[in-house]
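> Attaching a single structure in structure tokens format; questions to follow.
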Amino acid sequence: MTRATVFRRLRRDQRGNTIVEFALTAPLFLIVVFGILDFSWQYYAKLELQGVVNAAARAATLEGNALSQTALDNDVRRKVLNVFPQGEVTFARKSYDSFSEVGDPEAFTDANNNGSYDSGECFEDVNGNASWDSDRGQTGNGGAEDVVLYTASLRINRVLPVWKFLGQSQQSTLVASTVLRNQPYNAATSTKQVICS
């Protein structure tokens, strides 16, 4: 058998093609599959957190829960950690006078017309902390008929190492929030005042 015949036979032989093709495509395929699994797991965590937050927020608007929100937070934490035991759950509450004010800054007099608050300009101190804030919400559950933004954050370690291979963090923070109005269980109080300093 001549050298030319050997090369011709090797060129036509396709027995090793499958192994080479698999070696080239398997890493990409596995990253995509693991990415989909990890995304699905995080999506499930987000839905679980949102469901528990919605239930707790509805309970928080009732007069019986107005004084202490700790029991509700502990219930949310317990339910979430029952499904994701390694997670860390934190909470935040801000109260507003109306739904349209959620996330809005405190009103101010723009003396120099630059579109932003500057020290010394008059502002309406809505949350009672004697300083201008870019979010007018008052920390806490507020009072009767206040609108409350209730937020829970779940910090978890991702189950699969896909993100580490892509240079990303293995930790993920999922946030769920809801906005509800407290029941009219007594007269609402206001702390608004105009401050010029």
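> Along the positive direction of the dipole of the chain (beta-carbon charges: Lys, Arg +1; Asp, Glu -1; about the Cα centre), which of Ile31, Leu47, Ser131 reaches farthest?
Ranked along the dipole, the leading option is Ile31.
> OK, next. With unit charges on the beta carbons (Lys and Arg positive, Asp and Glu negative) and the dipole taken about the Cα centre of the chain, which residue among Phe84, Asn112, Leu160 sits farthest to the positive side?
Leu160
> Say each of Ile19 and Thr139 gets a label point 7 Å from the Cα, pointing the same way as Cα to Cβ; how far apart are those two points in nm?
6.5
> Further, regarding this structure: For the chain, give the magnitude of the charge dipole about the Cα centre (Cβ charges: +1 Lys/Arg, -1 Asp/Glu; no others), in debye to the nearest 20. Could the numbers behind the result be given before it?
Numbers: 19 positive and 21 negative charges, 486 e Å.
Rounded to the nearest 20 debye, it is 2340 debye.
> Between Leu62 and Cys196, what FRET efficiency comes out of the Förster formula 1/(1 + (r/R0)^6) with R0 = 35 Å and r the beta carbon distance, rounded to 0.05? It would help to have the intermediate numbers written out before the result.
Numbers: r = 39 Å, r/R0 = 1.12.
For Cys196 and Leu62, the calculated efficiency is 0.35.
> Next up: Which ³J(HN,Hα) values in Hz, rounded to whole numbers, follow from the phi angles of segment 44-60 under the Karplus curve 6.51 cos²θ - 1.76 cosθ + 1.60, where θ = phi - 60° and Gly and Pro get x?
Each residue's phi maps through the Karplus curve to give 4, 4, 5, 5, 4, 4, 4, x, 5, 5, 4, 5, 5, 5, 4, 5, 5 Hz.
> Next question, about the same structure. Enumerate the calculated ³J(HN,Hα) couplings along segment 15-31 in order (Karplus 6.51 cos²θ - 1.76 cosθ + 1.60, θ = phi - 60°), each rounded to whole Hz, writing x wherever the residue is Gly or Pro.
Each residue's phi maps through the Karplus curve to give 5, x, 4, 4, 5, 5, 4, 5, 4, 7, 9, 4, x, 5, 4, 5, 4 Hz.
> Here's another thing I want to ask about it. Highest first, please rank the peptides 69-76, 168-175, 152-159 by the mean number of other Cβ atoms sitting within 10 Å of their residues.
So the order, starting with the most tightly packed, is 152-159, 69-76, 168-175.
> Note down the magnitude of the dipole of segment 124-184 about its Cα centre, charges +1 on Lys and Arg C-beta and -1 on Asp and Glu C-beta and zero elsewhere, to the nearest 20 debye.
For segment 124-184, the charge dipole is close to 620 debye.
> Just checking my list (1) 51, 38, 30; (2) 102, 48, 23; (3) 57, 36, 25 against Cα extents along the principal axes in Å computed from this structure; which label fits?
Checked against the structure: label (2).
> Assuming a ≥ b ≥ c are the square roots of the Cα gyration tensor eigenvalues, decide whether segment 92-197 counts as rounded (a/c under 1.5), prolate (otherwise, with a/b larger than b/c) or oblate.
Oblate is the answer for segment 92-197, as a/c is 1.5 or above yet b/c matches or exceeds a/b.
Read the figures in this text as sums done on the coordinates, not as results from a lab. Since this is a predicted model, take the numbers as computed values, not measurements. Quick reminder, even Gly has a Cβ in these numbers, built from the backbone with ideal geometry, and neighbours come from all protein chains shown.
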